[in-house]
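The values are calculated or read from the model by the stated rules, or taken from the named source; none is laboratory data. Note that the structure is a prediction, hence the values are computed from the model and not measured. Reconstructed Cβ throughout: ideal geometry from the backbone, glycine too, with neighbour counts over all protein chains shown.
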Amino acid sequence: MSESLALALQLITQADTQLLGIVSLSLRVSLTACVLGALLGLLAGAWLAVARFPGHGLLVWLVNTLLALPAVVVGLLVYLLLSRSGPLGSWGLLFTPTAMVFAQAILVLPLIAALSRRLVHDSLAQGGYQLRSLGAGALTAALLMLLHERLAVVTVLLTAFGRAIAEVGAVMIVGGNIAGVTRVMTTTIALETSKGDLPLALALGAVLLGVVGLINAAIALLPTREPAMSEAMA
């Protein structure tokens, strides 16, 4: 065990090429997925906070329920879409980083939408009436509240990134864990551990813990208070 730890530390300190490639791909996939998830999730959350229509409560319940959506289920659904017999099979995206981005974006989308909906709902209750009194439409007011609560939005996005980069099931299914192509930190840890090759697994585990730790530190260091609504509009 001590030998494996020493070799893992050596891989990190010497910036092993294979290690850096895996970490780089992991960061690119998860960051891209979170950007896509944020574009759709923030808009969906703002809309759900102000929309009123038959079945609205059911839709909110569905989004909240999808917070617990297992990653392997997302991977299975994306696999069915992108497989040769699937509706998007002609695109040839299965077992590529693009498929992994697609899967992780779907995974984080409900989280971003649900948390941003609650954020907008609470913010509007506290001061959104001022925007409405100035003639802003419902959706415009909701989007402005997201901008006003930007620190809280950053927390939501960091949380989504943490979930994306730490998941293994979806990317394993749609990426195939192909060396040099779709192998990310979590899938490599699972593979190398099963093979008994512990140094690389331990090194990647340490890097992954470091990334997650940095995310949590960033969340903890964010200011806990936004300017008052009246101050922001002054």
(message) of a type outside the set (A, V, I, L, M) and touching a residue at least 24 places away in the same chain (Cβ under 8 Å): is that true of THR182 in this structure?
(response) yes
(request) Scan VAL181, VAL168, VAL174 and give me the residue that is at pLDDT 95 or above and under 16 Å from THR98 (Cα atoms). (result) VAL174
(request) Out of ALA125, ALA170, ALA114, report the one residue that is at negative phi and out of contact with any helix residue (DSSP H, G or I) (no Cβ under 6 Å at 6 or more places or on another chain). (result) ALA125
(message) I'd like to check something: does the range 98-112 contain any residue that is at pLDDT 95 or above, surrounded by fewer than 19 Cβ atoms within 10 Å (Cβ to Cβ) and either within 21 Å of LEU214 (Cα to Cα) or under 18 Å from the mean Cα position of the chain (by Cα) (or both)?
(response) yes
(message) I'd like the residue in the range 9-22 that is in contact with a Leu (Cβ under 9 Å, 6 or more places away or on another chain) and farther than 16 Å from THR186 by Cβ and, out of all such residues, is surrounded by the most Cβ atoms within 10 Å (Cβ to Cβ).
(response) LEU11
(request) May I ask you to list the residues in the range 11-42 that are without any contact (Cβ under 8 Å) to a residue 24 or more places away in the chain and in a helix (DSSP H, G or I)? (result) THR13, THR17, LEU20, SER24, VAL35, LEU39
(request) Scan the range 195-219 for residues that are touching a Leu at 6+ places or on another chain (Cβ under 6 Å) and of a type in the set (Asp, Glu) and report the count. (result) 0
(request) Give the range 105-119 a look and list any residue that's out of contact with any Leu (no Cβ under 8 Å at 6 or more places or on another chain) and farther than 17 Å from ALA51 by Cα, or say none. (result) VAL108
(message) For the range 33-73: of the residues being among the β-branched types (Val, Ile, Thr) and either within 24 Å of GLY162 (Cα to Cα) or out of contact with any helix residue (DSSP H, G or I) (no Cβ under 9 Å at 6 or more places or on another chain) (or both), which is surrounded by the most Cβ atoms within 10 Å (Cβ to Cβ)?
(response) VAL63
